[in-house]
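To keep things clear, I will list the structure first and then write my remarks on it.
Computed from the coordinates by the stated procedures, all read-outs in this text should not be read as laboratory data. Note that this is a predicted model, so its numbers are computed, not measured. Cβ: placed from backbone, ideal geometry, glycine included. Neighbour counts: every protein chain shown.
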Amino acid sequence: MGYSLDFGWLADATGAIARGAATTVLLIAVTTLAGTLLSIVGAAGRRNGPLLLKRAIGIYVEVMRNTPFLVQLFFIFFGLPSIGVRLDPLLAAMLAMTLNMAAYTIEIVGAGLDAVSRGQTEAALALGLRPRQVFVKIVLPQALKVIFPALTSQIIIMMLESAVVSQIAVRELTYEADMLQARTFRAFETYFVVTIVYLILSMGLRRLLVSGGRRALGAGVS
Amino acid sequence: MIEFTFWDIVRNLLLAARWTVLLSLAAFGGGGVVGMLVLFFRIAKNKWARRLASGYIALFQGTPLLMQLFLMFFGLPMLGLRIEPWTAAALGLTFFASAYLAEIWRGGVDALPRGQWDAGASLGLHYLQELRLIILPQAFSITRAPTVGFLVQLIKSTALTSIIGFEELVRTSNAINNATFEPFTVYGLVALIFFIMCFPLTQYARSLERRAT
């Protein structure tokens, strides 16, 4: 045996780990905002849009849900330049994460919209609100409240999945870990520390989302 | 210099897809066995056994699969085990799957009315008999849809093992892409192959769900 763990390198590495974690947080923050907005538009379009749009959204959801995120990422980063769309790694990662997350959250948001009773819409229309106001002010807030737990889980899954974007050289947490272990030759210790950082991030993110959701959407959010 | 025709690419990808399928099956089977063990702990009467299993599940659900694979790949050699990408990939995905499957099945056990346990006890069955004859068959049957759904997730997750060097579909496609410089075609085809594997299972899970409600 004779292998002993060594964490002596850690003192010099905290800066790199913190920078990487900050990039991971940035990625998931952008993805959460863009993905949620996109899925609200997508879910509404899937319910009320023209037939062609409904079909297109349906196909999009199925394709994204039945292929690995890593392949989607490679397709966007390596494949798109050959038809003239060149993205830098960070942008490609944000785009891939947003498109991937939206495919899952479109279904979640859709389920929430279905859960709001028809009478709510009718009552709001009867009060003279325009259809768009009815959607934004009456239906959507109630739907978001219902789906908040599912949305939270999806955001955390996406955060964990973002480790993969290190493969296109986005300088996030996993990428920094790869660099560190190449320099220190302490692969196990490096990944062990970074795994714990991920664990803290995911637990912290869950707590933040639940308390933030409770404040924004009122009691009853868990 | 080897010339790759379109059909060479397809043929090589399909050959590599065999490893993706094999790894998925191994991880699903192994994950099922280990997941049963975790489930026993998770629903045990002993408080500490339950906590241990909860911690195990939280650990695997709260960290990236890629990190789990790295720790497996770099950690096991420290214990003196000679490890190859295949072993690390199969073991890593097995533990990953066990945590998710245990949690899915626990949901099934919890969903059963308390009376099922009481009825078993009043028939004079002991704990293990209750589980084997009454609780688990029902728990498995009501969680069939999410279990199939997780299999889809597992198949997609095998893509990550390309990063620790296991020669499955994605790793092969990287090599082909480096030789042909046709990323659009190559990754498009890889996505298509994954879709063909996953979509029928997704539809199956959906039909199970519909039948259940």
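What the table below lists for this structure:
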| read-out | value |
| --- | --- |
| Selection from A:LEU180, A:LEU160, A:TYR191 lying farthest towards where the dipole of segment A:147-222 points positive, charges on Cβ | A:LEU160 |
| Selection from B:SER141, B:ASN46, B:ILE104 lying farthest towards where the dipole of chain B points positive, charges on Cβ | B:ASN46 |
| Computed magnitude of the charge dipole of chain B (debye, nearest 20; Cβ of K, R +1, Cβ of D, E -1) | 820 |
| Cα gyration tensor shape of the protein assembly as shown, rounded if a/c is under 1.5, else prolate or oblate by comparing a/b with b/c | rounded |
| Global geometry of segment B:134-213, whether rounded, prolate or oblate, following the gyration tensor of its Cα atoms and the 1.5 cut on a/c | oblate |
| Residue-by-residue Karplus 3J(HN,Hα) for segment B:198-213, coefficients 6.51, -1.76, 1.60, Hz, glycine and proline x | 8, 4, x, 5, 4, 5, 4, 4, 5, 5, 4, 5, 5, 5, 6, 9 |
| For chain A, built as a Gaussian network whose Cα springs stay under 10 Å, the top-fluctuating residue of A:PHE188, A:PHE77, A:PHE148 | A:PHE188 |
| Per principal axis, descending, Cα span of chain A in whole Å | 76, 46, 28 |
| Under the Karplus curve 6.51 cos²θ - 1.76 cosθ + 1.60, θ = phi - 60°, whole-Hz ³J(HN,Hα) for segment A:99-110, x wherever Gly or Pro sits | 5, 5, 5, 4, 4, 7, 6, 4, 5, 5, 4, x |
| Cβ neighbours within 10 Å from other chains - mean over B:69-78 | 5 |
| Of B:LEU131, B:ILE163, B:CYS198, farthest towards positive along the dipole that unit charges on Lys, Arg, Asp, Glu beta carbons give segment B:100-213 | B:LEU131 |
| Highest-MSF residue in chain B out of B:PHE181, B:PHE28, B:PHE96 [GNM, Cα springs under 10 Å] | B:PHE181 |
| For residues of A:73-79, the mean tally of beta carbons on other chains within 10 Å | 6 |
| Net +/- balance of residues flanking B:GLY35 in space, Cβ distance below 14 Å, scoring K and R +1, D and E -1 | +1 |
| Global form of segment A:115-157, assessed from the alpha-carbon gyration tensor, a/c cut-off 1.5 | prolate |
| Residue-averaged 222 nm ellipticity for the protein assembly as shown, from DSSP H runs of 4+ at -39500 (n - 2.57), nearest 500 | -25500 deg cm²/dmol |
| Estimated vicinal HN-Hα couplings, Hz - segment B:42-59 in sequence order (Karplus 6.51, -1.76, 1.60; Gly, Pro = x) | 5, 10, 5, 6, 6, 4, 5, 4, 5, 4, 4, 5, 4, x, 4, 5, 4, 5 |
| Anchor B:LYS156: lysines whose Cα lies under 29 Å away (excluding residues fewer than 8 positions away in-chain) | A:LYS54 |
| Net charge, A:TYR60 excluded, C-beta distance under 13 Å - Lys, Arg +1, Asp, Glu -1 | +2 |
